[in-house]
Amino acid sequence: MRVKKEINENEPPKWPVKLLQALAKYTFQTGGILDEGDHIPNVLSDSDSKIRHALVCEDSTLKTSQTRFGRVKFLQIVGCTNDELKFAQEWSTRKILNLMKNFRELGNDYLLVDLKRSKSIFELDSDLRRKTLRNLKKEGSFMSFVKSKCFWRLNLECSSNDGNFKPYDQLTFNIDLETARLFPLILKQRLDKENSFIFNGIDGRSLILIPENFSNSNCLVTKENPVQSNGEECQVLVNKRLIDSLYIFFQQLKLDKKEEVGEHISRKFFFDDLNEFSLYLRIISSEKILNFFENN
């Protein structure tokens, strides 16, 4: 992380230490490892600054090195505004970072973190939003996975697993509010454009949403068996009807205006055109998800 030095500032600020502590907490809670292209929402939420989130890129100066102990890659944390995070999620973190390098307010290639920066790149360049929206509409989202506070359960799921994929007809997917806010984007900018999406859960297991016309040799789901799992990975076939039903559900919730979910928000989706597959979607607080795994 490269922090902008203020005029007459003789000592380094203390907030970067708090940011690093928040990043450590984030990786511990989600179980994920940060890599270039990642985004971390609300990592600076305690600040009064407009720079509330972080994007991750490969450091432009400290290049990847091959040592006798293995490969070492240096990552850089870049602060961003709500607008910049939104477009990084909806379009591409890497492409937004490349756009940010065009602005001297961010030190160009240095991508300086300046908590006093009051304008996003889309406010600094009034034409940039229109160009980015045009590219987003054309290309869709490049975000193919997320590491988040979520977990899934299957009906009749065995505690012992032989590693082979088996069909199921009922899935319960538990997500926190931050993950729920991403869902409309995932539905319209990934699945509706026939691209798959992966949720890497807090328990290390993955849920893969696969659109109906998606073609891949690792895809096991069909209309007859829309849910397949080996215990560590669960594949779910999503057709146009399911995408639209989920999108309407999330739009009606207006999650951007919610600070917390209370007890929980739940909905059952049943689809006779997917071999009577049932999806139970539950939005619960991050604390309850963490407590569930601490107590089990």
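The values are calculated or read from the model by the stated rules, or taken from the named source; none is laboratory data. Just so it is clear, the model here is predicted, and its values are computed rather than measured. All Cβ positions, even for glycine, are placed from backbone atoms using ideal geometry, and neighbour counts span all protein chains on display. Just so you know, the surface numbers come from the protein's heavy atoms only, side chains and all, with ligands and any DNA or RNA stripped out. Shrake-Rupley method; radii C 1.70, N 1.55, O 1.52, S 1.80 Å.
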Residue satisfying condition, being over 23 Å from R267 (Cα atoms) and in contact (Cβ under 8 Å) with a residue 60 or more places away in the chain, within set K149, K166: K166
Candidates S285, S278, filtered to the one that is under 24 Å from T222 (Cα atoms), polar (S, T, N, Q) and open to solvent by less than 30 Å² (accessible area, probe 1.4 Å): S278
Only one residue in E139, E178, E123 is open to solvent by 50 Å² or more (accessible area, probe 1.4 Å) and touching a Pro at 6+ places or on another chain (Cβ under 8 Å). Which one? E178
Starting from segment 246-258, take each residue that is more than 16 Å from I284 (Cβ to Cβ) and among the aromatic types (F, W, Y) and list its partners that are open to solvent by 90 Å² or more (accessible area, probe 1.4 Å) and not in a loop (DSSP other than H, G, I, E, B), counting only C-beta distances under 9 angstrom and pairs at least six apart or across chains. none
Taking segment 246-275 and the residues there that are within 22 Å of the chain's Cα centre (by Cα) and among the hydrophobic types (A, V, I, L, M, F, W, C), the one that is most open to solvent (accessible area, probe 1.4 Å) would be I248
Suppose we filter segment 207-234 for residues that are without any contact (Cβ under 8 Å) to a residue 40 or more places away in the chain and open to solvent by less than 50 Å² (accessible area, probe 1.4 Å); how many remain? 6
Return yes or no: is L62 modelled with pLDDT under 95, surrounded by 14 or more Cβ atoms within 10 Å (Cβ to Cβ) and either in a helix (DSSP H, G or I) or not small (G, A, S) (or both)? no
Search segment 68-91 for residues that are more than 24 Å from E123 (Cα to Cα) and pair each with any residue that is part of a strand (DSSP E or B) and open to solvent by 30 Å² or more (accessible area, probe 1.4 Å) when their beta-carbon atoms are under 6 Å apart and the residues are at least 6 apart or on different chains. V72/S65
